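Worksheet: one structure, shown below.
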Amino acid sequence: MARPVRVRFAPSPTGPLHIGGVRTALYNYLFARQQGGTMILRIEDTDQTRFVPGAEDYIRRSLAWCGIELDESPWHGGPHAPYRQSERKATYQALARQLVERGQAYYAFDTPAELETMRQQLLASKAEHTGYGSQTRLQMKNSLSLPATEVQARLAAGEPYSVRLLVPAEGEVVFDDLVRGQVRVQANTIDDKVLLKSDGMPTYHLANVVDDHLMEISHVIRGEEWLPSAPLHVLLYRAFGWEATRPQFAHLPLLLKPEGEGKLSKRDGDRLGFSVFPLAWDGGAPAPETDETGPDDEPTPQPTGRSSGFREDGYLPAALLNFLALLGWHPTTDQELLSLPEMIAQFDLSRIHKAGARFDIQKAKWFNQQYIKQLSNEELAQQLTPELASRNLSLPPAKVVAIGGLMKERITFVKDIVTDGAFFFEPPTEYDAQVVAKKWNADLTGYLAALQSALATVPQLDEATARELTHQVAEQRGLKPGSLMQGLRVALTGAPGGPDLMGIIAVLGQAEVEKRLGLALAMVPLP
RNA sequence: GCAGCGUUCGUCUAGGGGUUAGGACACAUCCCUUUCACGGAUGUAACACGGGUUCGAUUCCCGUACGCUGUACCA
């Protein structure tokens, strides 16, 4: 029982890594780090027809961006290399053969067309069991139903065959899931699943069980979509005689659509305007999503091959991880802002929720806002600089830092500074109509004009002198500063609200303030 | 259809035989701010339904409904 914790994240390179996959990877990582265990990444690329170039590298870059570190992987290597299933083919074949020899599995010669025909017949006859199993296997073409000589002949002739698991006709499969507790299933409801495909590649079931065993995986933490096949996997461990070291299962709740029914899909992101991928993806057409090919589904729109990602949308990796971690798990306290080390310290498989979690992008935004607020002005400036550069805006570093400080508490994404704080970079093109109507009178224009000429009297315009000057000029004219400030703000920025006015003036600088005052004055519609 | 899993505010969730059922997002109001935001305070809002067990059930059991996942030589 006290065996070293070894967990794995095992994605298929069939397209960009889904955000649900990121959460699965995160939970594995949290558990591994907390237990002082090992985090392994294995590429499950046994379906050559769904292989997408670039997907594997996308997975690597995504996890790296998130800060999910791997101890063993195709890229890091490790004691159980290779970590790509396509490179482990011989192992699966040998083990599958072993199973056949021991009578735990058998050869099947049915063609896909024959299987389909049989399925239709069984469905039509309303048979109790429609799968390929104890009730039906003797009606099929396999080494159980065919004479041994014919089996040998077919094999010798090089006829394509698959290997299927011989599932016991009776009995119950029982196992403990760390999230769901005891799960029990009647063996006769489990199909004789294909283990080895006729192309010589293993199916997920075989490769997964074999690799988890060989790689000494202690805990299988994966999505709930695998729960129905877990009993089959238990049977496989049993057939191999690996029950004693079988990993413990933990099946995670699914990430659901924000509205409506079903798993979160790429379409939801497109429709509702958010990403479901960590990084932007432009590596060609993603493989069709398997969760969208059901017969009742509306036709899947042709994927554009291009999707935005959380990174490009402006999310900080720490915020994304925090948001994701709480979708299905909750610490013992009410604390919601959790750093990675805090999550590692508090993570607990037994506190994972059982029901699926709807994906609410609102909350993700809130997390991002919180994490931006925690950034120092310098850190924020560092993030802001490339954002500015991409829009051909350039400012002295000190001003970028100042702008960051001014805007930090009023943005959700760093790039919001460019839009919400556009006035930092160029004069307003229009002035808030309400304020103009209410506040732009002779008092104000006189004040603005006086302020404009007074600007030259101060050596430099920092926040303190700005405050001094703006108030002084008002008092000289017998006016209360308070009544003038919003007018001044609109004259300078065009907007009725925003960050501290004196801070804005300081960033703008003497020359720019004078220029904008002139601009505003020229606009004032006075009789 | 069959199998498995699930069901606490609109959403993420805490809790658990006796609670004013707690927190967060969102929403609303107020305070702070001569602005806006941040922050603070307050408010609206939930135990799917029906039986049982029990002095007492949202909590335990059974059933129903609903939902999800699976039911591929995809993962």
- Query: In the stretch A:157-173, what residues are out of contact with any Gly (no Cβ under 9 Å at 6 or more places or on another chain) and closer than 17 Å to A:Glu101 by Cβ?
  - Reply: A:Tyr161, A:Ser162, A:Val163, A:Arg164, A:Leu165
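Given the criterion surrounded by 13 or more Cβ atoms within 10 Å (Cβ to Cβ) and farther than 30 Å from A:Leu26 by Cβ, identify the matching residue among A:Asp177, A:Asp212, A:Asp192.
Numbers: A:Asp177 fails: farther than 30 Å from A:Leu26 by Cβ; A:Asp212 fails: farther than 30 Å from A:Leu26 by Cβ.
Of the residues listed, the single one that is surrounded by 13 or more Cβ atoms within 10 Å (Cβ to Cβ) and farther than 30 Å from A:Leu26 by Cβ is A:Asp192.
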- Task: Confirm whether A:Thr91 is of a type in the set (Ser, Thr, Tyr) and out of contact with any Phe, Trp or Tyr (no Cβ under 9 Å at 6 or more places or on another chain).
- Result: yes
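Evaluate the following for A:Tyr204: is it among the aromatic types (Phe, Trp, Tyr), at pLDDT 95 or above and either surrounded by fewer than 16 Cβ atoms within 10 Å (Cβ to Cβ) or within 22 Å of A:Glu225 (Cβ to Cβ) (or both)? Show your work before the answer.
Working: among the aromatic types (Phe, Trp, Tyr): yes; at pLDDT 95 or above: yes; either surrounded by fewer than 16 Cβ atoms within 10 Å (Cβ to Cβ) or within 22 Å of A:Glu225 (Cβ to Cβ) (or both): yes.
Considered against the rule, which asks whether it is among the aromatic types (Phe, Trp, Tyr), at pLDDT 95 or above and either surrounded by fewer than 16 Cβ atoms within 10 Å (Cβ to Cβ) or within 22 Å of A:Glu225 (Cβ to Cβ) (or both), A:Tyr204 comes out as yes.
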- Query: When the residues of the stretch A:470-517 are filtered to those that are assigned to a helix (DSSP H, G or I) and of a type in the set (Asp, Glu), which remaining residue is modelled with the lowest pLDDT?
  - Reply: A:Glu475
- Could you count how many residues in the stretch A:336-357 are exposed (fewer than 13 other Cβ atoms within 10 Å of the Cβ) and near RNA strand B (Cβ under 8 Å from one of its atoms)? 1
- Contact list, first residue from the stretch A:87-104 and without any contact (Cβ under 8 Å) to a residue 12 or more places away in the chain, second anywhere and among the hydroxyl-bearing types (Ser, Thr, Tyr) and buried (at least 16 other Cβ atoms within 10 Å of the Cβ), beta-carbon distance below 8 Å, six or more apart or interchain, is none
- Task: Say whether the condition of being modelled with pLDDT of 95 or more, crowded, with 19+ Cβ neighbours inside 10 Å and over 13 Å from A:Ala10 (Cβ atoms) is met by at least one residue in the stretch A:76-86.
- Result: no
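Condition test on A:Glu512, is it over 41 Å from the mean Cα position of the chain (by Cα) and within 23 Å of A:Thr385 (Cβ to Cβ)? Before the answer, list the steps.
Details: over 41 Å from the mean Cα position of the chain (by Cα): yes; within 23 Å of A:Thr385 (Cβ to Cβ): yes.
Yes: the conditions hold for A:Glu512.
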- Item | Subset of the stretch A:162-192 (residues that are more than 7 Å from RNA strand B (Cβ to nearest atom), touching a residue at least 40 places away in the same chain (Cβ under 8 Å) and in a loop (DSSP other than H, G, I, E, B)) | A:Leu166, A:Val167, A:Pro168, A:Leu178, A:Val179, A:Ile190, A:Asp192
- Item | Failed condition for A:Val414, given (1) surrounded by 18 or more Cβ atoms within 10 Å (Cβ to Cβ); (2) in a helix (DSSP H, G or I) | (2)
- Message: What are the pairs with Cβ atoms under 8 angstrom where one residue, in the stretch A:481-508, is closer than 18 Å to A:Val458 by Cα and the other, located anywhere, is in a loop (DSSP other than H, G, I, E, B) and within 9 Å of RNA strand B (Cβ to nearest atom)? Sequence gap at least six, or different chains.
- Response: A:Ile504/A:Gly498
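Return yes when A:Leu395 is more than 8 Å from RNA strand B (Cβ to nearest atom), part of a loop (DSSP other than H, G, I, E, B) and not assigned by TED's automatic domain parsing to the domain that holds A:His18 and no when it is not.
Values: more than 8 Å from RNA strand B (Cβ to nearest atom): yes; part of a loop (DSSP other than H, G, I, E, B): yes; not assigned by TED's automatic domain parsing to the domain that holds A:His18: yes.
In short, yes.
The values are calculated or read from the model by the stated rules, or taken from the named source; none is laboratory data. Just so we're clear, the structure is a prediction, and the values are computed from it rather than from any experiment. We place every Cβ from the backbone using ideal geometry, glycine too, and count neighbours over all the protein chains shown.
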